[in-house]
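Worksheet: one structure, shown below.
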Amino acid sequence: MAKGLPLRSENYSEWYNELVKNADLAENSDVRGCMIIKPYGYAIWEKMQRALDDMFKETGHSNAYFPLFIPKSYLSKEASHVDGFAKECAVITHYRLKNDENGNGVVVDPEAKLEEELIVRPTSETAIWSSYKKWIQSYRDLPILLNQWANVVRWEMRTRIFLRTSEFLWQEGHTAHATKKEAVEETSMILDIYGKFAEEWMAVPVVKGRKTANERFAGAKDTLCIEALMQDGKALQAGTSHFLGQNFAKAFDVKFQTKEGKLEHVWGTSWGVSTRLMGALIMAHSDDQGLVLPPKLAPIQVVIIPIYKNDEQLDQITELIQPMINELKANGVSVKFDISDQRPGWKFAEYELKGVPVRVAVGMRDLEKGLIEVARRDNLSKEQKPLEGASAYITVLLDEIQVAIYAKALNFRTESTHEVDTWEEFQTKLEQGGFLSAHWDGTSETEDKIKELTKATIRCIPLDAEKEEGKCILTGNPSSKRVLFAKAY
């Protein structure tokens, strides 16, 4: 048990909170519900950004930036959208402070009231579609494929670092198209990008699915999602892609002239993932010793720890190990050669806690035999390897670890996914955690009732769900396919 981490089996929530803190990922700020992402945590987020940004740009998207503040009137234009976010909005009413006449610091200047209140963006559909009205006149102006990396504010009452904070970082894509077909294809393509990133970079298996009407994004016609399963058996929504139809185009009167000379409303999409992915990464893989990071997202992929008695030995070790370090870096591997004055045992524990995928220990005795010790973080195994050829071995090993971490998570999800056909079976299995594949009669009333009785929600209707006649687990009414239920973050 590293640095006093609670055991996952005893207190999963506390284990998560302590791991985030002890691994130097993030901490709570002085503003309730907000977080400070520390350098090590931000380095992981930067790797996520870089990978996703490349994927977006490869599919023709460009980055832009829109203001943090949105006029209140904008949110009034799309009724279902404002209903979805009204309770979470932070509102700016004044623009100036002044010194208190009684010497009690600063106070809001009552004379500096805004003519129209501003909303700190909870999401940017309204601001961006207001701009699209100015940018789009003809079919030649379409499609517009934009993404922005930004912060947003949703005033949460119950918060947890990375998973649900009042301010968080994310990317939000907003596209405009001439046809419904193009917009629907865009929505699906982005979902595939999210799925590929989650599985190939985060090593987190996901289910691609469609949200029910109850769970759909406010203002969307359709919401697609990727759903992941955490080690405590709870689901986590890892990304969403929304087909907006013409809802926002109509709300902001965004029309274009077709090739035939007709005026039509534009078709739209929006999509996003956030720093919630950091929470998913931690909870999907980590253990009682600390973080377990997939090599593709690890800030430090290999740490080399010299074991020596004096400066002369350190110089000898450095000279012998430097060619391996140079070769690893030439292969694109991030390496840290830790020559700090901390004891080797402390370093071993620290890098284990921080989830560094490969640890290499080098001491004079082993080097005299031409050997090094190579330890894997994912399964805590270690073995001696020849120094000669070690860089090639470690480069391949990193790929093996990436695959192994995914395989372990996939095996856990498979073992934690159950088909249930009766209400009694549903309730019993739900207490054990995991995904429950069950029939549902398709009504919002039944969905709400199940949530009220069990706190379980329909995570998605899997896109690959096969037609299967059955009976709803609660009402017994006919059902044509299974959906995925779970308790969720």
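Would you count, across segment 1-122, every pair of lysines whose alpha carbons are under 28 angstrom apart, provided the pair is eight or more residues apart or spans two chains?
Count of close lysine pairs: 15.
How long is segment 253-292 along each principal axis, judged by its Cα atoms, biggest number first, in Å?
In descending order, the Cα extents are 65, 17, 8 Å.
Taking a spot 7 Å from the Cα of Lys481 along the direction of its beta carbon, which residues of segment 206-227 have an amide N less than 11 Å from it?
Within reach of a label on Lys481, which here means backbone N under 11 Å from a point 7 Å along Cα→Cβ, segment 206-227 contributes 209-211.
So which aspartates and glutamates pass the test for Lys262, namely a Cα distance under 17 Å, with those fewer than 8 places away in the same chain ruled out?
The qualifying aspartates and glutamates are Asp141, Asp253.
Contour minus end-to-end for Leu380 and His418, with contour as 0.36 nm per residue of separation and end-to-end as the Cα-Cα distance?
10.7 nm
What ³J(HN,Hα) values, in whole Hz, does the Karplus curve 6.51 cos²θ - 1.76 cosθ + 1.60 give for segment 149-154 when θ = phi - 60°, with x put for Gly and Pro?
9, 7, 10, 9, 10, 10
With θ set to phi - 60°, apply the Karplus curve 6.51 cos²θ - 1.76 cosθ + 1.60 along segment 174-184 and write out the HN-Hα couplings as whole Hz, x wherever there is a Gly or Pro.
9, 10, 10, 9, 7, 9, 4, 4, 4, 5, 5
Mind checking segment 402-489 for GluC sites (Glu not before Pro) that DSSP puts in a loop (not H, G, I, E or B) and that have at most 12 other Cβ atoms within 10 Å?
Glu466, Glu468, Glu469
Amide H to amide H under 5 Å from Glu117: which residues, 5+ apart in sequence or cross-chain, H placed 1.01 Å off N in plane?
Distant-sequence amide H within range of Glu117: Lys72.
As an exercise, use a Förster radius of 30 Å and the Cβ-Cβ distance of Asn104 and Phe69 to find the FRET efficiency, rounded to the nearest 0.05.
Step by step, r from the Cβ atoms, then E = 0.60.
Amide H neighbours of Val362 under 5 Å, at least 5 residues apart or on other chains, H built in the peptide plane: list them.
Result for Val362 returns Ile305, Ile307.
Let me confirm the definition first: pairs of Lys residues in segment 345-489, 8 or more apart or on different chains, C-alpha distance under 17 Å. How many are there?
11
With the convex hull built on the Cα atoms of segment 161-267, state its orientation-averaged projected area in nm².
One quarter of the hull surface, i.e. the mean projection, equals 8.5 nm².
I need the P(r) histogram for the chain: all alpha carbon pairs, bin width 10 Å from 0 out to the longest distance, whole percents.
Using 10 Å bins, I get a P(r) of 4, 17, 24, 23, 17, 10, 5, 1, 0 for the chain.
Restricting to DSSP loop positions (anything but H, G, I, E, B) with no more than 16 other Cβ atoms inside 10 Å of their own Cβ, which GluC sites (Glu not before Pro) remain in segment 14-103?
Glu101
Relative contact order of the chain: what whole-number percent is it, with Cα pairs under 8 angstrom and at least 6 residues apart?
14 percent
In percent, what relative contact order does segment 208-344 have, based on Cα pairs under 8 Å that are 6 or more apart in sequence?
For segment 208-344, the relative contact order is 16 percent.
At what distance in nm do the modelled label points of Asp192 and Asn331 sit from each other, each positioned 7 Å from its Cα along Cα→Cβ?
Result for the modelled spin labels: 3.2 nm.
Amide H of Met35: which non-local residues (sequence gap of 5 or more, or other chain) have their own amide H closer than 5 Å, using H built in the peptide plane?
Excluding prolines and chain starts, which carry no amide H, the hits are Ser29, Glu167.
Per DSSP H run of at least 4 residues, take -39500 (n - 2.57); add these up for the chain, divide by its residues and hand me the 222 nm value, nearest 500 deg cm²/dmol.
-11000 deg cm²/dmol
Compute the separation of the alpha-carbon centres of segment 347-387 and segment 131-170 and state it in Å as a whole number.
Centre-to-centre (Cα) distance: 43 Å.
Short version: ³J(HN,Hα) in whole Hz for each residue of segment 18-34, in order, from phi by Karplus 6.51 cos²θ - 1.76 cosθ + 1.60 (θ = phi - 60°), x for Gly and Pro, what are they?
5, 5, 4, 6, 5, 7, 6, 8, 6, 8, 5, 8, 6, 8, 3, x, 10
Explain nothing, just the number: dipole magnitude of the chain about its Cα centre with +1 on each Lys and Arg Cβ and -1 on each Asp and Glu Cβ, in debye rounded to the nearest 20.
760 debye
Apply 1/(1 + (r/R0)^6) to the Cβ-Cβ distance of Gln342 and Asn11, taking R0 = 35 Å, and write down the FRET efficiency to the nearest 0.05.
Working from the Cβ atoms, E equals 0.75.
Helix 276-285: angle to the longest alpha-carbon principal axis of the chain, degrees 0 to 90, nearest 10?
40 degrees
Output the 0 to 90 degree angle, nearest 10, between the alpha-carbon long axis of helix 311-330 and the longest principal axis computed from the alpha carbons of the chain.
So the inclination is approximately 40 degrees.
Could you grab the relative contact order for segment 215-273? Cα pairs under 8 Å, six or more apart, rounded to a whole percent.
31 percent
Quick one: helix 423-432 against the long Cα principal axis of the chain, what's the angle to the nearest 10°, folded into 0 to 90?
Between the helix axis and the principal axis of the chain, the angle is about 40 degrees.
Throughout, read-outs are computed from the coordinates displayed, never taken from laboratory work. Note that the structure is a prediction, hence the values are computed from the model and not measured. Glycine also receives a Cβ, built like all others from the backbone with ideal geometry; neighbour counts cover every protein chain displayed.
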